[in-house]
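Peer 1: Questions regarding the structure given below will be posed in turn.
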Amino acid sequence: MSVQIKLSENFRAVFYAPFYATHALGFYTSEGVEVVLLNSPAPAAAAAGLLDGTIDISWGGPMRVMKARDLDARSPLVCFCEVAARDPFFLVGKGDRAEFRLAHLPGLKVATVSEVPTPWLCLQHDLREQGVDPAVLNRVTDRTMADNLVALRQGEIDVAQMFEPYVSIALRIGAGNILYAASTRGPTVYTTFLASRDSIRHNRAAFDAMVRATRRTLAWVAEHSAEEIADAVAPFYPDVRGDILASSLRRYRDAGLWARTPEVSRQGFIRLAESLKSGGFISRMHTYEDCVDQSLC
């Protein structure tokens, strides 16, 4: 008999496609675990559910684990099983990607992501590394990616930070070109499973099975086309046109966005931590050993 696990999805995003593919391909079931997907009311809400036991596990950014440890050094939250290994966000605007440099942003009106903090925290660190003070940007901070796509098309802003499928839509309607892909930065651990140490103790066999299932998915994704991945996960994205979904997944696949194995990258973890610290999201660097459960991989 399979074990049932309550999993809170962070929010519905195209770059989470491997998580949904694991369901669609039946890999959880064949590994002997029944995973029940629960909606999260907000990206940051899962941490409370993990701590009070109303959910067993979630997926999301290791930044949640680092923030929890920043607030309480005894925080029991940890991460494991890397899926999104690079930053899935882009800068889209008018211009030529070959000529664009991040150093050009201070002269432009830039709309950054408001829905979650990590995209801006990573971008501001990229800017610092290019000698640009993020504080000098003429930045729109309070609109959704959907709103920014409209504003970009209407010429109200010069550059918008967004993820798929908004990027594919922007290209399709001629709103702009890709000027910068954050994935080119290199490894940046973006999405893993998150759980409390207590939940890991109670559900270790089931979590081991989930990691095995995810390992199979990551191999499957690497071996199949964007169209095949889109066919598998399409039911999870009813509001995204099939051609746009395939375009989005192809761009992510070609960018090497998804990990090849579930082991959490040390290099990617450090890069994320440096970005969070330089942006003031955390007050100190937190170690890989404190934040990552290395026994689940």
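The values are calculated or read from the model by the stated rules, or taken from the named source; none is laboratory data. Note that the coordinates shown come from a computational prediction; the quantities given were computed from them, not determined experimentally. Because the Cβ atoms are built from the backbone with ideal geometry, glycine has one as well, and the counts that use them run over all protein chains shown.
For (1) in the same structural domain as D126 (by TED's automatic domain parsing); (2) in contact with a Ser or Thr (Cβ under 7 Å, 6 or more places away or on another chain); (3) closer than 30 Å to M285 by Cα; (4) of a type outside the set (S, T, N, Q), each residue gets a yes or a no:
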site	(1), (2), (3), (4)
G26	no, no, no, yes
N39	no, no, no, no
D52	no, no, yes, yes
K94	yes, no, no, yes
E99	yes, no, no, yes
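Peer 1: Considering only region 94-131, state which residues are of a type in the set (S, T, N, Q) and within 16 Å of the chain's Cα centre (by Cα).
Peer 2: We begin by selecting, within region 94-131, every residue of a type in the set (S, T, N, Q); these are 112, 114, 118, 124, 130.
Result: T112, S114, T118.
Peer 1: Quick test of your reading of the structure: G176 fulfils all but one of (1) buried (at least 22 other Cβ atoms within 10 Å of the Cβ); (2) out of contact with any Phe, Trp or Tyr (no Cβ under 6 Å at 6 or more places or on another chain); (3) not assigned by TED's automatic domain parsing to the domain that holds D158. Name the failing condition by number.
Peer 2: Checking G176 against (1) buried (at least 22 other Cβ atoms within 10 Å of the Cβ); (2) out of contact with any Phe, Trp or Tyr (no Cβ under 6 Å at 6 or more places or on another chain); (3) not assigned by TED's automatic domain parsing to the domain that holds D158, the one that fails is (3).
Peer 1: Identify the residue in region 38-62 that is closer than 19 Å to Q4 by Cα and at pLDDT below 80 and, among all such residues, is surrounded by the most Cβ atoms within 10 Å (Cβ to Cβ).
Peer 2: Within region 38-62, the first condition is being closer than 19 Å to Q4 by Cα, and the residues that meet it are 38-40, 46, 49-59.
The next check asks that each one be at pLDDT below 80; those that pass are 40, 46.
Values: S40: 19, A46: 27.
Among those that are closer than 19 Å to Q4 by Cα and at pLDDT below 80, it is A46.
To keep it simple, each residue is scored yes or no on (1) of a type in the set (F, W, Y); (2) in contact with a Pro (Cβ under 8 Å, 6 or more places away or on another chain); (3) within 20 Å of Y166 (Cβ to Cβ).
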site: D72; (1), (2), (3): no, no, no
site: L77; (1), (2), (3): no, no, no
site: C81; (1), (2), (3): no, yes, no
site: F89; (1), (2), (3): yes, yes, yes
site: G93; (1), (2), (3): no, no, yes
site: A111; (1), (2), (3): no, no, yes
site: E115; (1), (2), (3): no, yes, yes
site: R128; (1), (2), (3): no, yes, no
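Yes or no, residue by residue, for (1) outside the structural domain of W258 (by TED's automatic domain parsing); (2) surrounded by fewer than 17 Cβ atoms within 10 Å (Cβ to Cβ):
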site	(1), (2)
A146	yes, yes
D158	yes, no
Y166	yes, no
I169	yes, no
L194	no, no
D198	no, yes
R201	no, yes
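Peer 1: Is it fair to say K94 is at pLDDT 95 or above and farther than 29 Å from G49 by Cβ?
Peer 2: Details: at pLDDT 95 or above: no; farther than 29 Å from G49 by Cβ: yes.
So K94 fails the test.
Peer 1: Any idea which of (1) within 25 Å of R271 (Cβ to Cβ); (2) without any contact (Cβ under 8 Å) to a residue 12 or more places away in the chain; (3) not charged (D, E, K, R) is the one A48 doesn't satisfy?
Peer 2: So the condition that A48 fails would be (1).
Peer 1: What are the pairs with Cβ atoms under 6 angstrom where one residue, in region 126-155, is over 17 Å from D87 (Cβ atoms) and the other, located anywhere, is basic (K, R)? Sequence gap at least six, or different chains.
Peer 2: That search, which allows pairs on different chains as well, returns N138/K109.
Peer 1: Would you mind stating whether V167 is within 29 Å of R64 (Cβ to Cβ) and in a loop (DSSP other than H, G, I, E, B)? Reasoning before the result, please.
Peer 2: Numbers: within 29 Å of R64 (Cβ to Cβ): yes; in a loop (DSSP other than H, G, I, E, B): no.
In short, no.
Peer 1: While we're here: Give region 187-231 a look and list any residue that's among the small types (G, A, S) and within 21 Å of A13 (Cα to Cα), or say none.
Peer 2: Initially, region 187-231 is screened for residues among the small types (G, A, S), giving 195-196, 199, 205-206, 209, 213, 219, 222, 225-226, 230.
The answer is A195, A213, A219, A222, S225, A226, A230.
Peer 1: Let me ask something else. Out of the helices (runs of 4 or more DSSP H) lying entirely within region 239-297, which hold 2 or more residues that are under 26 Å from R204 (Cβ atoms)? It would help to see each step written out before you state the result.
Peer 2: Numbers: elements: 242-254, 266-278, 288-291.
By residue number, 266-278, 288-291.
Peer 1: Within region 1-24, how many residues turn out to be within 22 Å of A246 (Cβ to Cβ), surrounded by 19 or more Cβ atoms within 10 Å (Cβ to Cβ) and among the aliphatic types (A, V, I, L, M)?
Peer 2: The qualifying residues number 4.
Peer 1: OK, next. Tell me, which strands (runs of 3 or more DSSP E) lie completely within region 54-142 with 2 or more residues that are touching a Leu at 6+ places or on another chain (Cβ under 6 Å)? I'd like the intermediate steps shown before the answer.
Peer 2: Details: elements: 57-60, 77-84, 90-93, 109-111, 138-140.
Passing ranges, in order: 57-60, 77-84, 90-93.
Peer 1: Just the residues that are surrounded by fewer than 21 Cβ atoms within 10 Å (Cβ to Cβ) and in a helix (DSSP H, G or I), please, taken from region 204-226.
Peer 2: Matches in region 204-226: R204, A205, D208, V211, R212, R215, R216, A219, W220, A222, E223, A226.
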